[in-house]
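For reference, the structure discussed in these notes is given below.
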Amino acid sequence: MDFNEKYSGYLNEFNRALNSFCENLNCKPEILCESLKYSLALGGKRIRPVLMLAVGDLLGVDRSKLINFALAVELIHTYSLIHDDLPSMDDDDYRRGKASNHKVFGEGNAILAGDGLMNTAYSILFKECRKGAEYVSASEFICDCAGIYGMIAGQSADLLHENDSIHNENTLNFIYENKTGKLITAPVVVPSIICGGRCFSELKAFGRDLGYLFQVTDDILDVEGSFDDLGKSIGKDLKEGKYTSVELYGLDGSKLRADVVAERCKTILEGIDGDREFLIMFVNYVRNRKK
């Protein structure tokens, strides 16, 4: 298997759905519509939609049943990035190599753009609920992962524990699992819910560990990466006193933990019947990413 070719196939399929969504956006005033499209068009790896489609293939779920869920998750992720860049949050002027939404449209409009994407995602999920009980369960799972028992809780803890004088593993794990992990777990688990819960526990554990791996590598890249590769400011975690694996375990310790978690992800996948090759390669991709 050519990993990049397979990844591009999933990415292109999702981007067609996203482009169609953007083409049909016609909200007023114009600045609201422009700000929504601006952040959605910044691109990125789209790892969450790719993951959802790939897990769907592993479980034999028709992609047409998943594409709107993938769209909703990406809208939620994009809203979180807009808000994350705000001066009152992580205060970053760049996202994916371009000016952050609030630098282009102003802070107030950026907040509204994020709110708009979140509410539109929920509208998409409500419409999916009409299709049956499993669609209701999948929609509820995404909402819980994105809300006060998931991503928002993690972001709140991240802000709360800035500049703590003492760091502990439990707090770090809570931030990792919720701020990053829950919105990676969601696209991994949704295909299982849609097909009646096949491999639910295994995929939930895989999503949790993959989210941890993604955040550990993010912490490492904040030390070793470059603006050209990442498209955002680097070295900010240390300056802002963020709770990171590098702060707790050191750079070498973080790399060791990333290796251990990557192997754990692959072990979980090996216990699931089906063509797991792409997802195993995906784990390696996350572990070795430079951006």
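Quick rundown of the values:
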| item | result |
| --- | --- |
| Residues with amide H under 5 Å from that of Lys98, placed H, sequence gap 5 or more | none |
| Within the chain, helix-based [θ] at 222 nm, where runs of 4 or more DSSP H residues each add -39,500 (n - 2.57), nearest 500 | -22500 deg cm²/dmol |
| Span-like helix ranges in the chain, DSSP H, alpha carbon extent 15 angstrom or more, Kyte mean at least -1.0 | 3-23, 30-40, 47-59, 67-84, 107-128, 133-146, 182-194, 200-224, 245-270, 277-288 |
| Gain upon complete extension [Cys27, Val104; 0.36 nm per residue less C-alpha separation] | 25.9 nm |
| With at most 16 neighbouring Cβ atoms within 10 Å, loop GluC sites (Glu not before Pro) (DSSP) excluded, longest segment of the chain | 1-161 |
| Test item: Cα-centred dipole of the chain, Lys/Arg +1 and Asp/Glu -1 on Cβ, debye | 740 |
| Estimated distance in nm for a label pair at Lys131 and Asn19, the labels positioned 7 Å out from Cα along Cα-to-Cβ | 2.2 |
| Among [x] 37; [y] 30; [z] 11, the entry that matches percent of Cα pairs over 36 Å apart as calculated here | [z] |
| Relative contact order %, the chain, counting alpha carbon pairs below 8 Å whose residues are six or more apart | 19 |
| Separation in nanometres of the label points that stand 7 Å from Cα toward Cβ, at Asp62 and Leu159 | 4.3 |
| Fully extended contour minus Cα-Cα distance, from Ile152 to Ser88, at 0.36 nm per residue | 21.6 nm |
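Quick note: the coordinates plus some simple rules give every number you see, no bench work behind them. The structure displayed is predicted, hence computed values, not measured ones. Positions of Cβ are generated from backbone atoms using ideal geometry, with glycine treated the same way; all protein chains shown enter the neighbour counts.
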